[in-house]
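The values are calculated or read from the model by the stated rules, or taken from the named source; none is laboratory data. Only a predicted model underlies this, so the values are computations on that prediction, with no experimental measurement involved. Here the Cβ positions follow ideal geometry from the backbone for every residue, glycine too, while neighbour counts run over all protein chains shown. What goes into the accessible areas is simple: the full protein's heavy atoms, side chains included, and nothing from ligands, DNA or RNA. Shrake-Rupley method; radii C 1.70, N 1.55, O 1.52, S 1.80 Å.
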Amino acid sequence: ELEKLGLRDDVDLHVYEVPVEYQTVQRLIPALWKKHSPQLVVHVGVSGMATTVTLEKCGHNVGYKGLDNCRFCPGSQCCVEGGPECIDSIIDMDAVCRRVSALGLDVTVTISKDAGRY
């Protein structure tokens, strides 16, 4: 939807649908960072089980036990071998949550520090 709406004329918006596949993500995401040198990246996940919009404060690198769409799971249970255990967002997600909630939209926004691992 954001791609349809667009942003200001001076903002380059690049939207990609990334398969839920460990090996594709490990190859594609670094290539996109190198290609675009972004100032901001927003990763959006979709879950049929979700009842709220969940803003993640951090991403974890360990504890991945679920199979991806290719029925693959890293033997090390790490998303990125040798990567940091956790990456914290520099965005104040609590403030974002408060601001979105104050808009009175028909959506519940919550905060999580335990992003899903699949």
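The mean accessible area for residues of the range 1-110, using a 1.4 Å probe and ignoring ligands and nucleic acids, is 81 Å² per residue.
When volume of the Cα convex hull per residue in Å³ is computed from the coordinates, the matching label among (1) 139; (2) 109; (3) 182 is (1). Spin-label model, Glu17/Trp33: points 7 Å from Cα along the beta carbon direction are separated by 2.5 nm. In the chain, the calculated helix contribution to ellipticity at 222 nm averages -7000 deg cm²/dmol per residue, counting -39,500 (n - 2.57) for every DSSP H run with n ≥ 4. When restricted to Cα atoms, the range 1-70 yields an Rg and a Dmax of 14.3, 42 Å, respectively.
Can you pull the percent of the range 1-110's accessible area that's carbon plus sulfur, 1.4 Å probe, other chains left in place? The partial results should precede the final answer.
Working: 4930 of 8960 Å².
The value for the range 1-110 is 55 percent carbon and sulfur by accessible area.
For Thr110, neighbours were defined as the other residues whose beta-carbon sits under 13 Å from its Cβ, and their charges (Lys and Arg +1, Asp and Glu -1) total 0. For the options Pro74, Pro38, Pro19, a Gaussian network treatment of the chain with springs between C-alpha atoms closer than 10 Å singles out Pro38 as fluctuating the most. Given R0 = 22 Å, the distance between the Cβ atoms of Gln77 and Lys57 translates into a calculated FRET efficiency of 0.55. For Gly75, neighbours were defined as the other residues whose beta-carbon sits under 12 Å from its Cβ, and their charges (Lys and Arg +1, Asp and Glu -1) total 0. Secondary structure note: in the chain, about 50% of the DSSP beta bridges are antiparallel. Magnitude of the charge dipole for the range 1-110, about its Cα centre and with charges confined to Cβ atoms of Lys, Arg (+1) and Asp, Glu (-1), is about 180 debye. Taking Cα atoms only, the orientation of helix 22-36 departs from the longest principal axis of the chain by about 50 degrees. Applying a DSSP loop filter and a limit of 11 other Cβ atoms within 10 Å to the trypsin sites (Lys or Arg not before Pro) in the range 25-104 leaves Lys65, Arg71. Taking a sphere under 13 Å around the Cβ of Val44 and counting the other residues whose Cβ falls inside, with K and R at +1 and D and E at -1, yields a net charge of -4. For the chain, the longest principal axis of the C-alpha atoms and the axis of helix 93-102 are separated by about 40°. Here is the list for the range 16-73: GluC sites (Glu not before Pro) lying in DSSP coil, each with at most 11 other C-beta atoms within 10 angstrom of its C-beta, are Glu17. Going toward the positive end of the dipole of the chain, with +1 on Lys and Arg Cβ and -1 on Asp and Glu Cβ, which of Met49, Leu5, Gly63 do you reach last? Sorting the options by dipole projection puts first Gly63.
A 1.4 Å probe, protein heavy atoms only, puts the accessible area of Ile111 near 60 Å².
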